[in-house]
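The values are calculated or read from the model by the stated rules, or taken from the named source; none is laboratory data. Everything quoted here is computed from the prediction, not taken from an experiment. Glycine also receives a Cβ, built like all others from the backbone with ideal geometry; neighbour counts cover every protein chain displayed.
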Amino acid sequence: MRFTSRLLALLGGGTAAVHALSGRPSGLLRPSERRELLQDVVTFDNDSLIINGERLFIYSGEFHPFRLPVPSLWLDVFQKIKALGLNTVSFYLHWGLLEGKSGDFHAEGPLAFEPFIQAAQEAGIYLIARPGPYINAEATGGGFPGWLQRIEGKLRTNATDFLDATNNYMANVGAVIAKYQITNGGPIILVQVENEYTEAVSGVVFPNGYYMQYIEDQLHEAGIIVPLVNNDAGPEGNNAPGTGIGEVDIYRAIAYNRYSDSYPLGFDCANPATWPSGSIPTAFRQDHLKDSPDTPYLINEFQAGSFDPPGGVGFEKCADLLNMEFERVFYKNNYAAGVTLFSLYMIFGGTNWGNIGHPGGYTSYDYGAAIKENRAVDREKYSELKLEANFLKVSPGYLTAVAATNYTVGVYNTNSDIVTTPVLGSNGSFFVVRHADYTSEASSNYTLNLPTSAGDISIPQLGGSLTLNGRDSKVHVTDYPVGSSKLLYSTAEIFTWQTVANETVLVVYGGPNELHELAVVGSATGSIVEGDGITFQSQNGSTVAQWTTSTTRRIVQIGGLYIYILDRNSAYNYWAPELGSGAIIVNGPYLVRNASVDGSTLSLSADFNKTTTIEVIGVPSGVTSLQVNGQTLNASANAQGSWTASIAYSPPTLDVPDLSTATWYTIDSLPEITAAYDDSLWPNANHTNTSNPIGSPLKTPVSLYGSDYGFNTGSLLFRGHFTASDATASTLYLSTQGGEAYAASVWLNDTLIGSWAGNSVAASYNQNLTLPALTADAAYVFTILIDNMGLDENYDVGADEAKDPRGILDYTFASDITWKITGNFGGEDYADRLRGPLNEGALFIERQGYHQPDPPLSAFTTGTSPFEGLSAAGVAYYVTNFTLALPSDEWDIPLSLVFTNSSSSTVAATAPYRSLIYVNGYQFGRYTSNVGPQTEFPIPEGVLNYNGENWLGVTLWALDSDGASVPALNWTIGATPAWTGREPVTAVEQPAWTERVGAY
Ligand SMILES: *[C@@H]1O[C@H](CO)[C@@H](O)[C@H](O)[C@H]1NC(C)=O
C-alpha cells in the first residue's frame, strides 16, 4: 500500500523506536499499527493517546506564536497554561508571514517559532503542530501569502502550481517540526494536516485525497513520524482512517449543531446572557463512532471564546458569552461524549499586530479566552477551567471508561428536567448531569440512583436532595480510586487529589449552599479535622459524609484520606503544581507557575495581585524552608502540618508618560497631494492583464490590483495622471475594494473629492465622485488611498476568496489615465526583514521607515500633536519618544494605549479618522474611529522597552474635508500589576530608522 511503502522508505533515517511488523500485509494494519512501524512513543487505540506507555488525557489550548511577537513572553503564557492543569498546546503557523516572497522562507527574531517550541518544552507542555499550509485562523489570507493571488490553479486542490507553491514552506516548517518531535526528545506529539478541509463550492472535486496526501507526503518527507491528525469542521468523515488516499491517522470527528467546527454558542457576543436553544451537541459520540471508531475521540478545536467583527461589541462581551457557565455545561458535555484529546480555541488569543488579521476582525485577537490579550488570568473562566482540567489529570480511569451514545432521562436521576450521561469504567465511572434544557436558569432538585460496586445506591443516602443551580453541570463519580482509598461515590466535584508527604489529600468542591455527599469504601470512621457541619454514617460498606457547601473550609479524615471540602470560589484559589513525579497543593496565590525542591528548600514561582496568605499542603519530607520568587518566607506550620506564610502586596509607584503633555514631532504623510510631489520613482501600474483569476478579466485598462505588483499588505496608494479632455468631465466613477471596514479617499491634485469612511460590512464600494471644473488640456493627478484590512480567508475550497483583489476594481472617466501604484516599500522584497513582510503599508512615513525608532526628526516639525490634528483631509504622522523605568523583573505591568472618544459611545462623534499605532517600529494597532469597536490596544512588554527609550508613532488619516483630530490618547495600566515569578522579558529587536535607498 502506498502509505506504508512511503513510511518504510523513511525508516532508513535511523529512528530508534522502529517496530517491524514483519510478514503482515500492510493493508490489514490499523492506522495505529501502521504508525507504530515508525515509532512507539506516541501510540493510540480507540480509547486514548498513549505517550511512552502511559495513557493521557490530552488537554490542550490553542496559542499562536505569531500573535505575540515577543519570544521571551512565550514561557509566561505556557506556564499559565500549565498552571491550569493543561498538558498540551496546539499552534498554527502563518505561511504568509514566514514566506512573504515565494522561495524566501524567513523565520527569525519575532517571527521565529523554534523558541516557541523550546519554551513549551521548558514549561512541560506537549505540542500539536498545525502548519497548514491553510489555517483559516482569522488571519490574513487564512494563512496564505498574498503572492498566491497570482496562482492560476485553485487553492487547496491538487493543482500543480498550487502544490508547487507549498513546497518550500512545508519543507522548511516540516524540518523544524520533525526536529522537535517527541521521538527526538522534543515536545511535539501530533501534527495536523491542513485545517478545516470540510467545504467546497460546487464544481470542485472534494474532498480531494490527492491534495491531502501531497501535504502528508511533504510532512513525511520532512521526517515527521508522529501521528497525523486533521480537523474536519463538520462530521463529514473527510480523510478519516479507512477513506483511502489522503487519510490521516487520527480523525477529528466533530458534530456541529449550530455552527461548523465546534463553536456551539456561535459568535454573537452582543447578548452574552442569551444562550441560543438547540445548540448543545448531542450526537458527538454517535458521530465519532460512525466516522472513526478505531481512533480516540479527538476534538481539535472546541469553542473557548469568539472572534468579534469590525463594529462588534468587544471581547469582554465574548468572554461573558463563553464564560465559566459555558465551560461547565459544554465542556462537561464533551467529557460525557468520551473525548480524550481536547483542544480549546483559543486559550490565549493575542494580537493581530502588523496586519496579520483578516478583514473580519480587528487588532485585538483577545477572543474572550481564558488568558487575556494582556496575559492577565483574572477571568473566572480561567479558574473554572483549572478545576476541570486538574480533575481529568488525576482521573486515569476516565480514559478507558466508555461513554454512552446518548444522555438518559429518569435512569440515573429522578427529575425529568435533568439528564445524565454515564461514562462507565472499571477504574471509576462518571455521570455527567445537566439540565435537559441546558439554557435553563432554574434551580432543580434531584436525587441520584447510581450503579456502584456495592449495588445500585440512591443518593443522598443521608437524606435531602442535590441541586443543580441554573447553567451548571456536574460530574459525579463512582468507584473512583484516590490513592489507596476508593470513593464509592462523590456528588461533590473533585479538583485534585495528591498523595503528599505520606498522606492522601483530596480536594472537593460544590456550588454555593449545595448539599453534597461522598462515601469512602471501608469501615474507617470519619472525623472532622477543621470546621464543623459534617454528618458521618456507615452505609453499604462505606463511610458516608454529608454537608452543605459553605465559604468556610472543612477538612475531614476518613482512614488515610484527608478531604478538603470547599466552595467553588475558594477552590479557585488552589493550585496543584507538579513536583518531580508528585505534586503539592498550594492555596492562595493569584497564579502558581511551578514548584521545585532543592535540598531542604521548597521554591515556588508564583504571582500575587493582592496581599495573600499562602498555604502549602503536603510539604515534602525533608523540606525546611520555603521560597517564593527567590525570597525566603517566614512560614509556620498549621494544625494539619501545612505551611502558611503571608505575602504583603505593595507595588511600587509606576510612572507611565502622559501623552497629553508629551512633545510630539509631526510630518505630513501624504505629500503626494502637494503640487511639487514627484512620483517618478513609483512603480508603473501597467499590466494589461492580471495574473489573478478571481479578478479576471480586468474591467480597467491596466490591472490596479495590489498583488499584481507585489503589494499584499497594508494600505495601497495610486497616482492617476491625466490630461483633461475638456472642461466638462465632472464625474469619476470608482469601485474600490479593501475588505470589511476598509476606507478610501480620493484627491484631485490637492483637493479631496470624496472619501468612503467605511462601515462594518462593506468590503468594496462604488462611488460617483463629482469633480470641480477642470481646465481643458491641463494636467491633473488623482491620488487615491485605499486601506487593506487583510486578505480574505479561503474557507470554501474552490471559491479562492484569498485571491479577492485589493485595490481599484473598476472606474469610468472621460480622459485616459496613466497609473502608478505603491504599497509597502519594496513589496515582496520588503524593507524590514526583522519585523517581516506584513508590518508596513503604503503611507509615505511607512515607505520611508519613519515608523521605526529614531526617525530623522530634522524632517519633522514640533508644535502640533494628534490632539490638534488636521484641519483638512490628509494623513499626518506624529511621533514621540519617552523613557520607561519600570521594575519589570519583579512586576508584571501590562500597558495599553487607550483612545478616548468625545462621546461615551465607542464610535467617535468627531469627524472620522483612522490611526495606525507604531511602537518601536511594530504596528500594534489599527484604530477606526467610526467603525470600532476597539479603543484599548495592549502593547506587550518587549515591544515596549520597560527600561529604556521608546518611540510611539500615530498616523492620523482624516477622511473628511474638514480634517480630524484624536480627542484623547493615553497610556493605561491594563491589569492590576502582579508581583511575578515569570522570567525577565528580553525586548525584541527594534531596528532603528536608516535611510532606505530608493525610497519614494
Ligand atoms: C488530482 O485530483 C484529481 C481529482 O480531483 C485526480 O483525478 C487526479 O488524478 C489528481 N492528480 C494528481 C497528479 O494527483
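Numerical summary
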| read-out | value |
| --- | --- |
| Those residues of the stretch 651-669 which are without any contact (Cβ under 8 Å) to a residue 24 or more places away in the chain and within 33 Å of the chain's Cα centre (by Cα), in sequence order | Thr653 |
| Number of the condition not met by Tyr649 [criteria: (1) surrounded by 15 or more Cβ atoms within 10 Å (Cβ to Cβ); (2) out of contact with any helix residue (DSSP H, G or I) (no Cβ under 9 Å at 6 or more places or on another chain)] | (1) |
| Filter result for Glu672 (buried (at least 16 other Cβ atoms within 10 Å of the Cβ) and within 34 Å of the chain's Cα centre (by Cα)) | no |
| The one condition in (1) at pLDDT 95 or above; (2) within 16 Å of the ligand (Cβ to nearest atom) that Val226 fails to fulfil | (2) |
| Test: residue in the stretch 181-194 that is within 18 Å of Lys290 (Cβ to Cβ) and in contact (Cβ under 8 Å) with a residue 24 or more places away in the chain | no |
| Subset of the stretch 650-684 [farther than 30 Å from Lys610 by Cβ, among the acidic types (Asp, Glu) and assigned to a loop (DSSP other than H, G, I, E, B)] | Asp678, Asp679 |
| Leu155 being within 16 Å of the ligand (Cβ to nearest atom), aliphatic (A, V, I, L, M), surrounded by fewer than 23 Cβ atoms within 10 Å (Cβ to Cβ) and over 23 Å from the mean Cα position of the chain (by Cα) | no |
| Scope the stretch 135-147; condition within 29 Å of Phe267 (Cα to Cα), in a helix (DSSP H, G or I) and among the hydrophobic types (A, V, I, L, M, F, W, C); matching residues | none |
| Search result, residues across the stretch 201-223 that are away from the ligand (no atom under 16 Å from the Cβ), hydrophobic (A, V, I, L, M, F, W, C) and part of a loop (DSSP other than H, G, I, E, B) | Ala222 |
| Phe162 vs. criteria surrounded by 21 or more Cβ atoms within 10 Å (Cβ to Cβ), assigned by TED's automatic domain parsing to the domain that holds Gly143, within 16 Å of the ligand (Cβ to nearest atom) and not β-branched (Val, Ile, Thr) | yes |
| Residue in the stretch 113-129 that is farther than 22 Å from Val42 by Cβ, surrounded by fewer than 22 Cβ atoms within 10 Å (Cβ to Cβ) and away from the ligand (no atom under 14 Å from the Cβ) present | yes |
| Wholly enclosed strands (runs of 3 or more DSSP E) of the stretch 539-615 bearing at least 2 residues of a type in the set (Lys, Arg) | none |
| Residue satisfying all of: in the stretch 622-649; more than 25 Å from Ala571 (Cα to Cα) and either in a loop (DSSP other than H, G, I, E, B) or charged (D, E, K, R) (or both); modelled with the lowest pLDDT among these | Gly622 |
| Check on Thr198, within 23 Å of the chain's Cα centre (by Cα), among the β-branched types (Val, Ile, Thr) and part of a loop (DSSP other than H, G, I, E, B) | yes |
| Qualifying residue in the stretch 439-459 (condition: on the phi < 0 side of the Ramachandran plot and free of Cβ contacts under 8 Å to residues at least 12 places away in the same chain) | yes |
| Condition met for Ala744 (farther than 15 Å from Phe813 by Cβ, among the small types (Gly, Ala, Ser) and free of Cβ contacts under 8 Å to residues at least 60 places away in the same chain) | yes |
| Close pairs (7 angstrom Cβ cut-off, 6 or more residues apart or separate chains): farther than 19 Å from Glu196 by Cα in the stretch 210-236, within 16 Å of the ligand (Cβ to nearest atom) and of a type in the set (Lys, Arg) anywhere | His220/Arg6 |
| Subset of the stretch 174-200 [farther than 29 Å from Leu56 by Cβ, of a type in the set (A, V, I, L, M) and more than 14 Å from the ligand (Cβ to nearest atom)] | none |
| Filter pass, Thr140 being within 16 Å of the ligand (Cβ to nearest atom) and at pLDDT 95 or above | no |
| Identity of the residue in the stretch 442-453, more than 14 Å from Asn413 (Cα to Cα) and touching a strand residue (DSSP E or B) at 6+ places or on another chain (Cβ under 6 Å), that ends up surrounded by the most Cβ atoms within 10 Å (Cβ to Cβ) | Thr452 |
| Considering residues of the stretch 467-503 that are of a type in the set (A, V, I, L, M) and outside any strand (DSSP E or B) only, the residue nearest to the chain's Cα centre (by Cα) | Ala492 |
| Unique match (being at pLDDT 95 or above, more than 17 Å from Leu809 (Cβ to Cβ) and surrounded by fewer than 20 Cβ atoms within 10 Å (Cβ to Cβ)) among Asn689, Asn749 | Asn749 |
| Exclusive hit being in contact (Cβ under 8 Å) with a residue 24 or more places away in the chain, in contact with a Lys or Arg (Cβ under 9 Å, 6 or more places away or on another chain) and not aliphatic (A, V, I, L, M), set Gly203, Gly132, Gly146, Gly174 | Gly146 |
| Answer from Thr439, Thr363, Thr420, Thr405 - the residue that is surrounded by 23 or more Cβ atoms within 10 Å (Cβ to Cβ), farther than 22 Å from Ser490 by Cα and of a type in the set (S, T, N, Q) | Thr363 |
| One residue from Ala270, Ala240, Ala233, Ala171 being outside any loop (DSSP other than H, G, I, E, B) and more than 16 Å from the ligand (Cβ to nearest atom) | Ala171 |
| Enumeration of residues in the stretch 967-1000 that are surrounded by 17 or more Cβ atoms within 10 Å (Cβ to Cβ), assigned to a loop (DSSP other than H, G, I, E, B) and small (Gly, Ala, Ser) | Gly974, Ala975, Gly981, Ala987 |
| Given (1) away from the ligand (no atom under 16 Å from the Cβ); (2) in a loop (DSSP other than H, G, I, E, B); (3) in contact with a Gly (Cβ under 7 Å, 6 or more places away or on another chain); (4) of a type in the set (A, V, I, L, M, F, W, C), index of the condition Ile245 fails | (1) |
